[in-house]
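Participant: Structure below; questions to follow.
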Amino acid sequence: MTKTAPHRTVTRLAAAVSGVALIAGALMASPANAAPPRPVDPFDPDFGPNVTVYDPETPVDEIEADLAALADQQRDAEMSEVRKAVLFEPGQYGTADNPLQFEVGYYTEVAGLGSSPGDVDVNGSVEVYNRCLTADNCIALVNFWRTISNLSLQINSLGDDGCRGSANFWAVSQAVSMRRLDISGANLSLMDYCTAGPQFASGGFIADSRLPYVVSGSQQQWLTRNTEVAGWSNGVWNQVFSGVVGAPDDAGFPDPPYTTIDETPLSREKPYLYVDADGKYNVRVPEVQQDSRGVSWADGMTPGRSIPITDFFIAKPGDSVKDINNALARGQHLLLTPGVYDIAQTIDVKRAGTVVLGIGHATLTAVGGAVPMEVKDAPGIVIAGVTIDAGSELSPVLLRVGKARGGKPLGAADPITLSDVYFRVGGPHIGKATTALEVNSDNVLIDHTWVWRADHGVEGFTEGVNGDTQRWQTNTGTNGVIVNGDNVTATGLFVEHFQRYNTLWKGENGRVILYQNELPYDPPTQADWTQRDGTLGYPGYVVAPDVKKHRLDGAGVYVYNQNNPSIITANGFSVPERPGVQLHHIMTVNLSAGTIQHVVNGVGGQADNSNTGTPQYIVDYPAP
């Protein structure tokens with residue numbers, strides 16, 4: 001049956017007994033004057049009204065009706081505050097004759113609750129189609145903020161028309177995560193070629209999955225990490241594969257534009273909820289992998305540790321930061337249920353090994369210029385599934401990892417990890433932040449992030465066209481990502497539209513696998529987009545002059561000076577010229593307006609209106 005959490009009653013007595021023991025133990029360690037911890041039913045945790053849990057006994061027609069209504073509600077809800085998670089208990093959903101078919105809309109997470117993907121078996125389709133802005137303008141360019149994970153999908157298009165029956169469509173762009181899927185049957189298509197054009201797409205990210213033949217189609221850039229693929233077709237600009245069994249060869253770069261790395265140097269899969277054999281909820285925290293390829297669950301449950309749900313503070317919108325910090329201080333982990341949280345003081349994550357897991361695109365919004373979250377210099381902390389928004393008053397930073405001006409060095413064995421952590425400056429409202437993400441600690445792993453200063457938003461959010469400077473002056477984001485720590489690795493780094501440095505890398509031995517950037521659309525004049533030393537514009541990716549070792553694989557910087565097409569940017573990339581700093585498979589491209597004179601350090605062709613849509617590629621810098 002359908003269950004909107006909380007949903008079970010048969011285990012209340014046992015849960016109450018364990019809850020009393022939990023409270024008694026935690027009270028002894030609670031900070032002075034702190035509220036006692038909430039009891040958590042291990043069989044039936046209260047995830048609040050924005051989480052729906054299905055079991056295999058629920059009729060397929062009922063699930064489809066529920067999820068069709070949700071998809072209709074969220075199909076155009078790009079800037080809404082609605083957040084939803086849809087969870088499936090272990091079992092079979094749909095059959096060959098009666099498949100389960102549904103779409104996934106904005107701010108919706110769909111996840112299985114098995115210990116491995118095969119524990120939740122869906123016969124049907126789980127899809128994202130183009131968003132039609134007009135009858136003949138259907139695109140996936142703004143299909144952001146949705147998640148699917150931890151299930152097996154036998155693609156079954158019974159009842160679809162001829163075109164829709166040809167694939168399972170996942171037509172998405174940034175801030176969309178596909179993890180821990182085992183997909184078989186028809187093709188998986190990352191574009192929707194069944195609706196009216198132009199059918200553009202600009203994403204995305206897949207990890208830890210076993211896939212059939214994949215149609216990349218119009219996808220501009222994509223990272224597939226630690227996955228198995230039966231085959232892969234084409235790509236537009238940057239298609240990057242890291243640790244992928246069956247990945248295409250990249251010897252012909254840029255035709256096709258593949259970048260293939262045999263083993264992922266450092267990875268840790270995202271934590272996930274699961275229900276164990278006794279019916280209790282846990283969070284699995286995968287272990288760190290080095291030089292890995294293929295899926296983590298090939299030989300059974302992903303290696304790692306399991307944390308009982310009773311060890312978590314389950315937060316809901318409206319909970320105070322004081323209560324959250326008290327829970328973290330007494331050693332609890334934090335689960336953020338779906339919703340928007342107003343954050344007027346910093347959430348402090350201090351203890352080694354702490355897990356902060358958001359579900360349903362839980363969103364922290366800065367209030368009064370607050371720093372919404374700080375992570376201390378402690379090993380093994382994991383932040384996952386959280387979106388952090390700037391507020392209307394200037395925040396110095398939205399997420400700070402490690403102590404500013406000198407975090408203490410951390411070892412590589414158990415890095416601080418950020419998985420599917422997204423940032424927004426503007427969009428649903430005006431936002432102001434000096435820096436979105438600041439990394440000061442050593443040995444940090446960033447596994448998929450989108451750091452976005454909004455180029456569009458709600459009604460009244462100025463688009464910056466025809467000389468209008470309002471957005472440039474009011475929706476302010478100076479820097480996207482600043483990395484000060486050493487040995488920081490990023491797999492899937494998407495950063496867009498910041499007013500100075502989109503990415504500034506100061507730490508030694510940085511490693512980035514897939515970088516995507518759009519320069520800001522809205523500088524009013526060349527003077528607004530010129531450095532103090534007279535350099536025209538700010539490169540989309542900058543490695544500081546004193547860095548001795550750095551590696552970047554598969555990267556693009558795009559220009560679309562919508563507000564003033566005459567604006568020039570001298571270089572897409574800027575790096576020190578020394579052998580230890582290496583860029584592999586990089587490019588710039590003009591999307592419609594503006595100029596990037598060179599790809600990197602005065603080298604490479606000019607991207608301008610004479611070659612719109614045609615990338616300027618460099619295979620290796622410096623040249624071998």
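Participant: Scan the stretch 185-198 for residues that are free of Cβ contacts under 8 Å to residues at least 40 places away in the same chain and either of a type in the set (D, E, K, R) or not in a strand (DSSP E or B) (or both) and report the count.
Facilitator: Going residue by residue through the stretch 185-198, those that are free of Cβ contacts under 8 Å to residues at least 40 places away in the same chain are 185-190, 193.
Narrowing the set further to residues that are either of a type in the set (D, E, K, R) or not in a strand (DSSP E or B) (or both) leaves 185-186, 190, 193.
Adding up the residues that qualify gives 4.
Participant: If we keep just the residues of the stretch 105-114 that are in contact with a helix residue (DSSP H, G or I) (Cβ under 7 Å, 6 or more places away or on another chain) and assigned to a loop (DSSP other than H, G, I, E, B), which is nearest to Glu78 (Cα to Cα)?
Facilitator: First, the residues of the stretch 105-114 that are in contact with a helix residue (DSSP H, G or I) (Cβ under 7 Å, 6 or more places away or on another chain): 105-108, 112.
This time we only want the ones that are assigned to a loop (DSSP other than H, G, I, E, B), so: 105-107.
Values: Gly105: 9, Tyr106: 6, Tyr107: 8 Å.
In this case the residue turns out to be Tyr106.
Participant: Moving to a separate point now. Can you give me the number of residues within the stretch 512-539 that are surrounded by 18 or more Cβ atoms within 10 Å (Cβ to Cβ) and of a type outside the set (Val, Ile, Thr)?
Facilitator: First, pick out the residues of the stretch 512-539 that are surrounded by 18 or more Cβ atoms within 10 Å (Cβ to Cβ): 512-524, 529-530, 537-539.
Remaining after also requiring of a type outside the set (Val, Ile, Thr): 514-524, 529, 537-539.
Residues meeting the conditions: 15.
Participant: Looking at (1) more than 26 Å from Val126 (Cα to Cα); (2) at pLDDT below 95, which one does Val236 not meet, given that it meets all the others?
Facilitator: With respect to (1) more than 26 Å from Val126 (Cα to Cα); (2) at pLDDT below 95, Val236 is out only on (1).
Participant: Let me ask something else about it. Which members of the stretch 119-151 meet the condition of being under 22 Å from Leu357 (Cβ atoms) and either of a type outside the set (A, V, I, L, M) or more than 21 Å from the chain's Cα centre (by Cα) (or both)? Working first, answer last.
Facilitator: If we filter the stretch 119-151 for residues that are under 22 Å from Leu357 (Cβ atoms), which is where we start, we get 119-120, 126, 144-151.
Selection gives Asp119, Val120, Phe144, Trp145, Arg146, Thr147, Ser149, Asn150.
Participant: Among the residues that make up the stretch 95-114, is at least one of them touching a Ser or Thr at 6+ places or on another chain (Cβ under 6 Å) and at pLDDT below 95? Break it down stepwise before answering.
Facilitator: Step one: filter the stretch 95-114 for residues touching a Ser or Thr at 6+ places or on another chain (Cβ under 6 Å), giving 101, 109, 111.
From what is left, the residues that are at pLDDT below 95 are none.
No, the conditions are met nowhere in the stretch 95-114.
Participant: Oh, and also: Which pairs do you get when a residue that is over 14 Å from Gln239 (Cβ atoms), found in the stretch 199-221, comes within reach of a residue that is in a strand (DSSP E or B) and among the charged types (D, E, K, R), reach meaning Cβ atoms under 6 angstrom, with the pair 6+ apart or on two chains?
Facilitator: Ala207/Arg179; Ala207/Arg225; Asp208/Arg179; Asp208/Arg180; Arg210/Asp182; Arg210/Glu228
Participant: Starting from the stretch 500-526, keep only residues that are more than 25 Å from Ser173 (Cβ to Cβ), then list their pairs with residues that are at pLDDT below 95 and of a type in the set (A, V, I, L, M, F, W, C) whose Cβ atoms are within a distance under 8 Å, requiring at least 6 positions of separation or different chains.
Facilitator: Cβ pairs passing all conditions: Pro524/Trp472.
Participant: Out of everything in the stretch 255-278 that is more than 19 Å from the chain's Cα centre (by Cα) and either part of a strand (DSSP E or B) or hydroxyl-bearing (Ser, Thr, Tyr) (or both), what residue ends up being farthest from Asn443 (Cα to Cα)? Write out each step before concluding.
Facilitator: Here is the first cut: in the stretch 255-278, the residues more than 19 Å from the chain's Cα centre (by Cα) are 255-263, 265, 274-278.
Now drop any that are not either part of a strand (DSSP E or B) or hydroxyl-bearing (Ser, Thr, Tyr) (or both), which leaves 258-261, 265, 274-275.
Working: Tyr258: 28, Thr259: 24, Thr260: 24, Ile261: 21, Pro265: 12, Tyr274: 28, Val275: 32 Å.
Ranking the candidates gives Val275 first.
Participant: Six or more apart or on different chains, Cβ under 9 Å: which pairs go from a residue in the stretch 472-494 that's without any contact (Cβ under 8 Å) to a residue 24 or more places away in the chain to one that's surrounded by fewer than 21 Cβ atoms within 10 Å (Cβ to Cβ)? Could you list them?
Facilitator: Final answer for the pair search is Gln473/Pro524.
Participant: Which ones in the stretch 553-568 are closer than 14 Å to Val599 by Cα and surrounded by 24 or more Cβ atoms within 10 Å (Cβ to Cβ)?
Facilitator: Within the stretch 553-568, the subset closer than 14 Å to Val599 by Cα is 554-559, 568.
Of everything in the stretch 553-568, those that are closer than 14 Å to Val599 by Cα and surrounded by 24 or more Cβ atoms within 10 Å (Cβ to Cβ) turn out to be Gly554, Ala555, Gly556, Val557, Tyr558, Val559.
Participant: I'm trying to understand the selection: among the residues of the stretch 347-368, which are out of contact with any Lys or Arg (no Cβ under 6 Å at 6 or more places or on another chain) and over 24 Å from Trp145 (Cα atoms)?
Facilitator: Narrowing the stretch 347-368 to residues out of contact with any Lys or Arg (no Cβ under 6 Å at 6 or more places or on another chain): 347-349, 351-359, 362-368.
Once the filter is applied, which keeps residues that are out of contact with any Lys or Arg (no Cβ under 6 Å at 6 or more places or on another chain) and over 24 Å from Trp145 (Cα atoms), the stretch 347-368 yields Asp348, Val349, Arg351, Ala352, Gly353, Thr354, Gly368.
Participant: Still on this structure, I have one more. Out of Val603, Val542, Val619, report the one residue that is buried (at least 18 other Cβ atoms within 10 Å of the Cβ) and either within 30 Å of Pro265 (Cα to Cα) or in contact with a strand residue (DSSP E or B) (Cβ under 9 Å, 6 or more places away or on another chain) (or both). Before you say what the answer is, go through the steps one by one.
Facilitator: On the way: Val603 fails: buried (at least 18 other Cβ atoms within 10 Å of the Cβ); Val619 fails: buried (at least 18 other Cβ atoms within 10 Å of the Cβ).
Sole residue among the options that is buried (at least 18 other Cβ atoms within 10 Å of the Cβ) and either within 30 Å of Pro265 (Cα to Cα) or in contact with a strand residue (DSSP E or B) (Cβ under 9 Å, 6 or more places away or on another chain) (or both): Val542.
Participant: Among the residues of the stretch 115-159, how many are buried (at least 16 other Cβ atoms within 10 Å of the Cβ) and either assigned to a strand (DSSP E or B) or hydroxyl-bearing (Ser, Thr, Tyr) (or both)?
Facilitator: Selection size over the stretch 115-159: 26.
Participant: Just the residues that are surrounded by fewer than 18 Cβ atoms within 10 Å (Cβ to Cβ) and under 26 Å from Leu266 (Cβ atoms), please, taken from the stretch 498-510. So that I can check it myself, show each step before the final result.
Facilitator: Pass one, the stretch 498-510, residues surrounded by fewer than 18 Cβ atoms within 10 Å (Cβ to Cβ): 500, 508-509.
Within the stretch 498-510, Glu508, Asn509 qualify.
Participant: Also, quick follow-up: Within the set of pairs 6 or more residues apart or between chains, which connect a residue that is under 17 Å from Ile261 (Cα atoms) and touching a residue at least 24 places away in the same chain (Cβ under 8 Å) inside the stretch 288-299 to a residue that is surrounded by 18 or more Cβ atoms within 10 Å (Cβ to Cβ) and hydrophobic (A, V, I, L, M, F, W, C) with Cβ atoms less than 7 Å apart?
Facilitator: Gln290/Leu266; Arg293/Val244
Participant: Is the stretch 73-86 home to any residue that is of a type in the set (Lys, Arg) and within 23 Å of Ile388 (Cβ to Cβ)?
Facilitator: If we filter the stretch 73-86 for residues that are of a type in the set (Lys, Arg), which is where we start, we get 75, 83-84.
Still in the list and also within 23 Å of Ile388 (Cβ to Cβ): 83-84.
Among the residues of the stretch 73-86, at least one is of a type in the set (Lys, Arg) and within 23 Å of Ile388 (Cβ to Cβ), which makes the answer yes.
Participant: Give the residues of the stretch 606-615 that are buried (at least 18 other Cβ atoms within 10 Å of the Cβ) and either under 27 Å from the mean Cα position of the chain (by Cα) or modelled with pLDDT under 95 (or both), sorted by residue number.
Facilitator: Once the filter is applied, which keeps residues that are buried (at least 18 other Cβ atoms within 10 Å of the Cβ) and either under 27 Å from the mean Cα position of the chain (by Cα) or modelled with pLDDT under 95 (or both), the stretch 606-615 yields only Pro615.
Participant: Further question: Identify all residues within the stretch 222-249 that are surrounded by fewer than 24 Cβ atoms within 10 Å (Cβ to Cβ) and either aliphatic (A, V, I, L, M) or free of Cβ contacts under 8 Å to residues at least 12 places away in the same chain (or both); write none if there are none.
Facilitator: Hits for the stretch 222-249 are Val229, Ala230, Val236, Val245, Ala247, Asp249.
Participant: Follow-up. The conditions are (1) buried (at least 23 other Cβ atoms within 10 Å of the Cβ); (2) in a loop (DSSP other than H, G, I, E, B), and Gly162 fails exactly one of them. Which is it?
Facilitator: Gly162 satisfies all of (1) buried (at least 23 other Cβ atoms within 10 Å of the Cβ); (2) in a loop (DSSP other than H, G, I, E, B) except (1).
Participant: Something else: Is it fair to say Ala77 is closer than 30 Å to Ala140 by Cβ, in contact with a Phe, Trp or Tyr (Cβ under 6 Å, 6 or more places away or on another chain) and part of a loop (DSSP other than H, G, I, E, B)?
Facilitator: So Ala77 fits the description; yes.
Participant: Which residues, counting only those in the stretch 453-485, are modelled with pLDDT of 85 or more and surrounded by fewer than 20 Cβ atoms within 10 Å (Cβ to Cβ)?
Facilitator: Just the residues of the stretch 453-485 that are modelled with pLDDT of 85 or more, to begin with: 453-457, 471-485.
Of everything in the stretch 453-485, those that are modelled with pLDDT of 85 or more and surrounded by fewer than 20 Cβ atoms within 10 Å (Cβ to Cβ) turn out to be His456, Gln473, Thr474, Thr476, Thr478.
Participant: Checking Gly318 against (1) in a loop (DSSP other than H, G, I, E, B); (2) touching a residue at least 60 places away in the same chain (Cβ under 8 Å); (3) not charged (D, E, K, R), which test does it fail?
Facilitator: (2)
Participant: Among the strands (runs of 3 or more DSSP E) lying completely within the stretch 347-446, list those that include at least 3 residues that are surrounded by 19 or more Cβ atoms within 10 Å (Cβ to Cβ) and at pLDDT 95 or above. Talk me through it step by step, then tell me what you get.
Facilitator: Numbers: elements: 347-349, 355-366, 373-375, 382-389, 395-401, 416-419, 422-425, 432-439.
In the stretch 347-446, 355-366, 382-389, 395-401, 416-419, 422-425, 432-439 are the strands (runs of 3 or more DSSP E) which contain 3 or more residues that are surrounded by 19 or more Cβ atoms within 10 Å (Cβ to Cβ) and at pLDDT 95 or above.
Participant: For the subset of the stretch 61-78 comprising residues that are touching a Ser or Thr at 6+ places or on another chain (Cβ under 8 Å) and touching a residue at least 60 places away in the same chain (Cβ under 8 Å), which member is surrounded by the most Cβ atoms within 10 Å (Cβ to Cβ)?
Facilitator: Ile63
Participant: A further question on this structure: Considering the stretch 329-341 alone, what residues qualify as being buried (at least 19 other Cβ atoms within 10 Å of the Cβ) and closer than 13 Å to Val355 by Cα?
Facilitator: Residues satisfying the conditions are Gln332, His333, Leu334, Leu335, Leu336.
Participant: Continuing with the same structure: Out of (1) buried (at least 22 other Cβ atoms within 10 Å of the Cβ); (2) assigned to a loop (DSSP other than H, G, I, E, B), what's the single condition that is false for Gly252?
Facilitator: Unmet for Gly252, out of (1) buried (at least 22 other Cβ atoms within 10 Å of the Cβ); (2) assigned to a loop (DSSP other than H, G, I, E, B): (1).
Participant: Are any residues in the stretch 283-317 at pLDDT 95 or above and on the phi > 0 side of the Ramachandran plot, and if so, which ones?
Facilitator: Listed by number, the residues that qualify are Asp291, Gly294, Gly304.
The values are calculated or read from the model by the stated rules, or taken from the named source; none is laboratory data. Predicted model, so just to flag it, every value in this text is computed and none were measured. Don't worry about glycine lacking a Cβ; one is built from the backbone with ideal geometry, like all the others, and counts go over all protein chains shown.
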